[in-house]
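Below is one structure, written out as structure tokens; the observations come after it.
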Amino acid sequence: MPEVTSPLAENYAAVLDRLARAAQQAGRRADDILLLAVTKKFSAARIAEAYELGMRHFGENYVQEFEGKAPALAHLAGAQFHLIGHLQSNKTRKAAELFHTIQTVDSAKLAQRLDAVGRPLGVFVEVKLSNEDAKSGVAPEGLSAVADAVRASQHLRLRGLMTMPPWTENAEESRPYFARLRTLAEREGLRELSMGMSNDFAVAIQEGATMVRIGTALFGKRPQPSA
Ligand SMILES: *Cc1c(COP(=O)(O)O)cnc(C)c1O
């Protein structure tokens, strides 16, 4: 009888295998690295399919898009949803209601606004390590002030740092950004590092990633927005 499997199941197995091998090569435990399945542009049905395969941590980029999907996902016990896209200040309330963790806190003001919603939230401070104009995140010089604002909050728990290097085909080009984030986290006494995507997660693991954010390698190419 042929084995019945799905493309997502195969991709998931392949990603877990690559993750385990990267961890082993780095002398680390695969259990210490969390896989965040990045589901932007994919339907709630795809997220449910991923959940059925055992995935529990999901990353979404757009508050409004996820608001549309969330009702269909409310029954997935233990699923954790992370916001990994830029958060506009007029969406803080909605974001705090929909997500468990916000990975893109990049100002003290944003931290205060999230805290004011009054919900317990995990927080990563997003650090901008490249000079690209389009990237959000706080510059390294401003990191301490943002981290302090999160620490001073009532409801936010500071978990670690997140970054997104410029996109490149060559994963080695991401390495200095990952190393820099780790140095900054050590300086701040933070343990968690959200870094590495489909193209460069093995390098991120070598540099200490505790969470890798993977979309394409799991779900394939994202659907293009219709014109
Ligand atoms: C889309 C996205 C990812 C996933 O990227 P892939 O290359 O599809 O794995 C990871 N992190 C952030 C912040 C993203 O926006």
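The values are calculated or read from the model by the stated rules, or taken from the named source; none is laboratory data. Model, not experiment: these values are computed from the prediction. Quick reminder, even Gly has a Cβ in these numbers, built from the backbone with ideal geometry, and neighbours come from all protein chains shown. Keep in mind that these areas ignore ligands, DNA and RNA; they rest on the heavy atoms of the full protein, side chains included. Shrake-Rupley method; radii C 1.70, N 1.55, O 1.52, S 1.80 Å.
Comparing Phe99, Leu114, Ala77 along the charge dipole axis of the range 75-117, the residue lying farthest to the positive side is Leu114, per the Cβ-charge model. Residues in the chain average 49 Å² of solvent-accessible surface per residue, probe 1.4 Å, ligands and nucleic acids excluded.
From the largest down, the chain spans 60, 40, 37 angstrom on the principal axes of its Cα atoms. Under 25 Å of direct C-alpha separation, and excluding same-chain neighbours fewer than eight residues apart, Lys94 reaches these lysines: Lys40, Lys41, Lys69, Lys109, Lys128, Lys135. How large is the translational diffusion coefficient of the range 130-203 in µm² per second when you combine the Kirkwood radius over alpha carbon pairs with Stokes-Einstein at 37 °C and 0.692 mPa s? Taking Rh from Cα pairs, D becomes 247 µm²/s.
Suppose R0 equals 41 Å. What FRET efficiency, 1/(1 + (r/R0)^6) with r the Cβ-Cβ distance, do Arg222 and Gln154 give to the nearest 0.05? List each step's numbers first, then the result.
Details: r = 37 Å, r/R0 = 0.90.
Approximately 0.65, to the nearest 0.05.
What you get for the chain, charging only the Cβ of Lys and Arg (+1) and of Asp and Glu (-1), is a dipole of about 460 debye around the Cα centre.
Only protein atoms count toward the accessible area here, which uses a 1.4 Å probe; on the chain, the carbon and sulfur part of that area reaches 49 percent.
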